[in-house]
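The values are calculated or read from the model by the stated rules, or taken from the named source; none is laboratory data. Every value quoted in this text rests on a predicted model; they were computed, and no experiment measured them. Cβ atoms come from the backbone with ideal geometry, glycine included; neighbour counts cover every protein chain shown. For accessibility, only protein heavy atoms count, side chains too; no ligands or nucleic acids. Shrake-Rupley method; radii C 1.70, N 1.55, O 1.52, S 1.80 Å.
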Amino acid sequence: MPVAFGQLVCGPPGAGKTTFCHGMQQFLTALGRKVAVVNVDPANDHLPYECTVDTRDLVDLGEVMERYQLGPNGGTLFCLEYLEKNLDWLVERLEPLVAEGRYIIFDFPGQVELFTNHPATANIVARLGKLDYRLCAVHLVDAHYCSDAAKFMSVLLVSLTTMLKLELPHVNVLSKVD
């Protein structure tokens, strides 16, 4: 199987991850590069990009919340744990895309705990790494956090913790600079 290349887009809620994924898909397509975007966020109902693989086809956040009496955050954690346990489902859908030489963009949810202290995302990344997926983490953060020293320090610590937990090359991007 050929080597897969891509990026894992993460960051806090509202940082612009989905918008970034859409822009990246448009940019790479304009360059003539084959690209596939994977929605890993079970709560993201409005996808502006062409979604190639959608984990909502595997697990439904609404059903999880109702069945297990969970809120949106707990339900999202459950969905990522479910994806981790059923990662073969995702890999099966990615294999033909990798064979075509597509660049894979993973649009992850914004729950910070998924990247700082919960093991599901790190375990998914580690398993994909063993399958020869060469990924880079793109961590988006609202630029307005840079204007307040305490918020800026908090953002730096979250970014550093994410970098250490995922063990991936890491690019920090300030979003909403305008």
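In Å², what does the accessible area per residue of segment 6-97 work out to with a 1.4 Å probe?
Numbers: 4630 Å² over 92 residues.
Value for segment 6-97: 50 Å² per residue.
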Net charge contributed by nearby residues that have their C-beta within less than 13 Å of D54 (K/R +1, D/E -1): -4
Contact order relative to length of segment 2-120, as percent, for alpha carbon pairs under 8 angstrom and 6 or more apart: 43 percent
Accessible surface of L77 - all protein chains present, 1.4 Å probe, nearest 10 Å²: 40 Å²
Candidates P12, P72, P42, ranked by Gaussian network fluctuation over the chain, Cα under 10 Å, top entry: P72
Selected from Y82, Y103, Y133 as most flexible by GNM, with the chain as the system and alpha-carbon contacts under 10 Å: Y82
FRET efficiency, 1/(1 + (r/R0)^6) with R0 25 Å, evaluated for R134 and L87 via beta carbons: 0.90
Segment 110-119 - phi-based ³J(HN,Hα) in whole Hz, Karplus 6.51/-1.76/1.60, Gly and Pro as x: x, 5, 4, 5, 5, 10, 9, 9, 9, x
Percent carbon-and-sulfur accessible area, the chain, ignoring ligands, DNA and RNA, probe 1.4 Å: 55 percent
